[in-house]
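Heads up, the thing below is written out as structure tokens.
The values are calculated or read from the model by the stated rules, or taken from the named source; none is laboratory data. Predicted model only: the values in this text are computed from it and were never measured. With ideal geometry, Cβ positions are generated from the backbone for all residues, glycine too; neighbour counts draw on all protein chains shown. Each accessible area value is taken on the protein alone, full model and side chains, heavy atoms only, with ligands, DNA and RNA left out. Shrake-Rupley method; radii C 1.70, N 1.55, O 1.52, S 1.80 Å.
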Amino acid sequence: YSVIKNNYIHHNSFAGYYGDPADYSTLENNEIAYNGHDQKIGESANVTFRNNFVHHNVGMGIWFDWDNTGGLVEGNLVEDNGASGIQFEVSSDGTVRNNIVRRSGQNGLYISTSKNMQIYGNTFENNFRGIQFFINCAAIGQGKIGFDLANVSSHDNTITVGTQSGAWANFLSYSGDCTSTQ
């Protein structure tokens, strides 16, 4: 039940933010910049990440990782992060809407083994890759929420990628340990 609002969070070697758990918390109108690899939200319900300027972080810009439910990422400007601009990993019931994500070193948005997600109204510009969906078959059914890549709706987004080799707008990939049923 925390509110982190109107701060300049910068040049931290580990992370600019870290909430595990951080139920019903809001990060709003912050500038989060030049921080280390490990900033993320974990094992939390109903965390809102709204109207922040997230840029030049070594790893992810905005990262929800492990057993998160009901996460909302909206209205953020996310630029020049070393890994994914926004990442939802082994989480569920999240919404990513009305964000602008530019020049991420990896993906504009990475959805990894997460379910019941809504992704819409976002602009992804010149990220190495636009939106990547990934399934780790070994993780299916694990965690408190029963991890899976299912019921993910992505629509009404604008995606522009550069001309570099290996760039793509949308992509689905999986780990090599999947069974034929998976």
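For the reader, a short list of remarks on this structure follows.
- For the range 28-81, the candidate set comprises residues that are assigned to a strand (DSSP E or B) and β-branched (Val, Ile, Thr); within that set, the residue that is farthest from GLY108 (Cα to Cα) is THR69.
- Subset of the range 91-107 [surrounded by fewer than 24 Cβ atoms within 10 Å (Cβ to Cβ) and within 21 Å of HIS37 (Cβ to Cβ)]: ARG102, ARG103, GLY105, GLN106
- Going through (1) over 11 Å from the mean Cα position of the chain (by Cα); (2) open to solvent by 30 Å² or more (accessible area, probe 1.4 Å); (3) of a type in the set (Phe, Trp, Tyr) one by one, TYR110 falls short only on (1).
Residues are listed down the side, and each one gets a yes or a no for (1) closer than 18 Å to TRP63 by Cβ; (2) part of a strand (DSSP E or B); (3) touching a Phe, Trp or Tyr at 6+ places or on another chain (Cβ under 6 Å); (4) open to solvent by 40 Å² or more (accessible area, probe 1.4 Å):
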{"residue": "ALA83", "(1), (2), (3), (4)": "yes, no, no, no"}
{"residue": "ILE131", "(1), (2), (3), (4)": "yes, yes, no, no"}
{"residue": "THR160", "(1), (2), (3), (4)": "no, yes, no, yes"}
{"residue": "THR163", "(1), (2), (3), (4)": "no, no, no, yes"}
{"residue": "THR181", "(1), (2), (3), (4)": "no, no, no, yes"}
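- All positions within the range 12-27 that are closer than 12 Å to GLN39 by Cα and of a type outside the set (S, T, N, Q): PHE14, ALA15, GLY16, TYR17, TYR18, GLY19, ASP20
- Residue selected from the range 27-74 under the condition farther than 17 Å from SER2 by Cα and in contact with a Ser or Thr (Cβ under 6 Å, 6 or more places away or on another chain), by the criterion most open to solvent (accessible area, probe 1.4 Å): MET60
- Residue count for the range 165-179, restricted to those that are loosely packed, with under 13 Cβ neighbours inside 10 Å and farther than 16 Å from ILE119 by Cα: 6.
- Within the range 148-158, tally of residues that are farther than 23 Å from GLY105 by Cα and surrounded by 13 or more Cβ atoms within 10 Å (Cβ to Cβ): 4
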